[in-house]
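The values are calculated or read from the model by the stated rules, or taken from the named source; none is laboratory data. In this text, all values refer to a predicted model and were calculated from it rather than measured experimentally. Cβ placement follows ideal geometry from the backbone for every residue including glycine, while neighbour counts extend to all protein chains displayed. The protein model used for the area step is the full one, side chains on, heavy atoms only, and it has no ligands, DNA or RNA in it. Shrake-Rupley method; radii C 1.70, N 1.55, O 1.52, S 1.80 Å.
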Amino acid sequence: MRPGRGAGDGTTTRRTRPRHDNCGTQPDEGRRDGMRDEAVEAVVNPVLAGFGLELDALEVVPAGKRRVVRIVVDGDGPKGRGPLLDDIASASRAVSDALDGSDAMGQAAYTLEVSSRGVGRPLTEPKHWRRNVTRLVRVDLVGGLQVTGRITEAGEDAVVLDVDGSPREVRYADLTKALVQVELNRRQDDDEDDEDDDVELDTDDEDEDDH
């Protein structure tokens, strides 16, 4: 698999860790129900930083007898366009090991899902715009006007869109929502790193060692 990544690939890695039933006691109900995302975030953040990644979103949700830890990552990557697929996969393994070595998840069984931002997440910060230069976006403006254009420049306070061949500067403060649009016939020279769009990695890692 080529180590590339487009801004909208939605890449996901999954790692499953079983509950170790011979550890003596099961986690009590209060600990499971009171587990906070902050405990997981404290473990995850330094690991991601080691791969040049940043935590974009995190949630821990119950799923039957186990929990699902969903992590969305982002980053500049070598070309400033987003993290590489290989970096996300490596980070997923490292995060899994770090969580296993901490007490953030207790002894509860869990499945870890690590994904890139993908096109479905709104652009909310200047860095999101910068990483999506050349992408087609649809923006909702204050007042209800909707504009579709291609990102040509992205600064700290405003973005420049190519709207039907004409540049249009839009201040972030004037936006209510912005989404990258999926392009089926995207020009190759616009984003040669997007060949891995919609790649999904499923890694079911059953660790049989007892603790």
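Where residues in region 108-147 are more than 22 Å from P78 (Cβ to Cβ), assigned to a loop (DSSP other than H, G, I, E, B) and not hydrophobic (A, V, I, L, M, F, W, C), which of them is farthest from the chain's Cα centre (by Cα)? Ranking the candidates gives G143 first.
When region 34-46 is filtered for residues that are open to solvent by less than 40 Å² (accessible area, probe 1.4 Å) and either basic (K, R) or over 11 Å from V95 (Cα atoms) (or both), only M35 remains. In region 155-211, the qualifying residues are those that are at pLDDT 95 or above and part of a helix (DSSP H, G or I), and the one that is nearest to the chain's Cα centre (by Cα) is Y172.
Just checking, which of R138, R81, R121, R131 is of a type in the set (K, R) and either touching a Ser or Thr at 6+ places or on another chain (Cβ under 6 Å) or modelled with pLDDT of 95 or more (or both)?
R138
Considered as a group, the residues in region 47-69 that are assigned to a loop (DSSP other than H, G, I, E, B) and touching a residue at least 12 places away in the same chain (Cβ under 8 Å) include one that is surrounded by the most Cβ atoms within 10 Å (Cβ to Cβ), and that residue is L53. Count of region 80-93 residues, restricted to those that are open to solvent by less than 20 Å² (accessible area, probe 1.4 Å) and either of a type in the set (D, E) or part of a helix (DSSP H, G or I) (or both), is 5.
For region 94-147, filtering for residues that are basic (K, R) and open to solvent by 30 Å² or more (accessible area, probe 1.4 Å) leaves 4. Based on this model, can you work out whether R150 counts as among the basic types (K, R), touching a residue at least 40 places away in the same chain (Cβ under 8 Å) and assigned to a strand (DSSP E or B)? Taking the combined requirement at face value, the residue does not satisfy it.
Sort out which residues of region 158-172 are without any contact (Cβ under 8 Å) to a residue 24 or more places away in the chain and either touching a His at 6+ places or on another chain (Cβ under 6 Å) or under 12 Å from P126 (Cβ atoms) (or both), and write them in order of number. Correct list: A158, R171.
Looking only at region 70-77, decide whether some residue is of a type in the set (D, E) and either modelled with pLDDT under 90 or open to solvent by less than 30 Å² (accessible area, probe 1.4 Å) (or both). Yes - at least one qualifying residue is present in region 70-77.
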